[in-house]
1. Any residue at all in the stretch 57-68 that is in contact with a strand residue (DSSP E or B) (Cβ under 7 Å, 6 or more places away or on another chain) and surrounded by fewer than 18 Cβ atoms within 10 Å (Cβ to Cβ)?
2. Identify, please: which residue in the stretch 25-43 is part of a loop (DSSP other than H, G, I, E, B), in contact (Cβ under 8 Å) with a residue 24 or more places away in the chain and out of contact with any helix residue (DSSP H, G or I) (no Cβ under 6 Å at 6 or more places or on another chain) and is, among those, surrounded by the fewest Cβ atoms within 10 Å (Cβ to Cβ)?
3. Kindly indicate whether any position in the stretch 53-76 is in contact (Cβ under 8 Å) with a residue 60 or more places away in the chain, within 17 Å of residue 110 (Cβ to Cβ) and touching a helix residue (DSSP H, G or I) at 6+ places or on another chain (Cβ under 9 Å).
4. Looking at 17, 22, 46, which one is more than 15 Å from residue 112 (Cβ to Cβ), surrounded by fewer than 21 Cβ atoms within 10 Å (Cβ to Cβ) and modelled with pLDDT of 95 or more?
5. So residue 101 passes all but one of these: (1) surrounded by 18 or more Cβ atoms within 10 Å (Cβ to Cβ); (2) in a loop (DSSP other than H, G, I, E, B); (3) at pLDDT below 95. Which condition number does it fail?
6. Do you know which of the residues in the stretch 50-88 that are assigned to a helix (DSSP H, G or I) and under 20 Å from residue 9 (Cβ atoms) is farthest from the chain's Cα centre (by Cα)?
7. Return yes when residue 91 is in a loop (DSSP other than H, G, I, E, B), free of Cβ contacts under 8 Å to residues at least 60 places away in the same chain and over 20 Å from residue 32 (Cβ atoms) and no when it is not.
8. Every residue in the stretch 69-82 that is touching a strand residue (DSSP E or B) at 6+ places or on another chain (Cβ under 9 Å) and either buried (at least 16 other Cβ atoms within 10 Å of the Cβ) or at pLDDT 95 or above (or both), please.
């Protein structure tokens, strides 16, 4: 299974990569640090799942999700954020996100990994 992690925080990418390798041995993690690079990273990796941060510098995760889903309608993207906000959750789902998870509870993402 290949997972693309898009987050501007290197420590968050590292923590998620380590978590995923513990709960899904053999998983391959590809990383991207900016929303504006998300589409190119997706094209290269063709991941089974993408975990996308919402708040990033130039291009946020919702806009990056729209770009990826427009180019790859079957892309499985889950937002992974610290913002427990109903408006952001709705915006993410409208953009094409298949899930919305909080960073303080990574165990919730295990449920979607079985869908890959």
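1. Within the stretch 57-68, the first condition is being in contact with a strand residue (DSSP E or B) (Cβ under 7 Å, 6 or more places away or on another chain), and the residues that meet it are 61, 64-65, 68.
Then keep just the ones that are surrounded by fewer than 18 Cβ atoms within 10 Å (Cβ to Cβ); that gives none.
No; the residues of the stretch 57-68 include none that is in contact with a strand residue (DSSP E or B) (Cβ under 7 Å, 6 or more places away or on another chain) and surrounded by fewer than 18 Cβ atoms within 10 Å (Cβ to Cβ).
2. Start the filter on the stretch 25-43 by keeping residues that are part of a loop (DSSP other than H, G, I, E, B), which leaves 25-27, 33-34.
Filter once more, keeping what is in contact (Cβ under 8 Å) with a residue 24 or more places away in the chain: 26-27, 33-34.
Still in the list and also out of contact with any helix residue (DSSP H, G or I) (no Cβ under 6 Å at 6 or more places or on another chain): 26, 33-34.
Values: 26: 6, 33: 18, 34: 16.
Within the stretch 25-43, the match that is surrounded by the fewest Cβ atoms within 10 Å (Cβ to Cβ) is 26.
3. Taking the stretch 53-76 as the starting set, the residues that turn out to be in contact (Cβ under 8 Å) with a residue 60 or more places away in the chain are none.
No.
4. On the way: 17 fails: modelled with pLDDT of 95 or more; 22 fails: modelled with pLDDT of 95 or more.
Only one candidate passes the filter, namely 46.
5. (2)
6. Going residue by residue through the stretch 50-88, those that are assigned to a helix (DSSP H, G or I) are 61-71, 86-88.
Adding the requirement that they be under 20 Å from residue 9 (Cβ atoms) leaves 61-65, 68, 88.
Details: 61: 8, 62: 10, 63: 13, 64: 10, 65: 9, 68: 11, 88: 15 Å.
Among those residues, the one meeting the criterion is 88.
7. Numbers: in a loop (DSSP other than H, G, I, E, B): no; free of Cβ contacts under 8 Å to residues at least 60 places away in the same chain: yes; over 20 Å from residue 32 (Cβ atoms): yes.
The answer is no for residue 91.
8. Filtering the stretch 69-82 down to residues touching a strand residue (DSSP E or B) at 6+ places or on another chain (Cβ under 9 Å) leaves 69, 75-82.
Across the stretch 69-82, the qualifying residues are 69, 75, 76, 77, 78, 79, 80, 81.
The values are calculated or read from the model by the stated rules, or taken from the named source; none is laboratory data. Predicted model only: the values in this text are computed from it and were never measured. Heads up, the Cβs are rebuilt from the backbone with ideal geometry, glycines too, and the neighbour counts pull from every protein chain shown.
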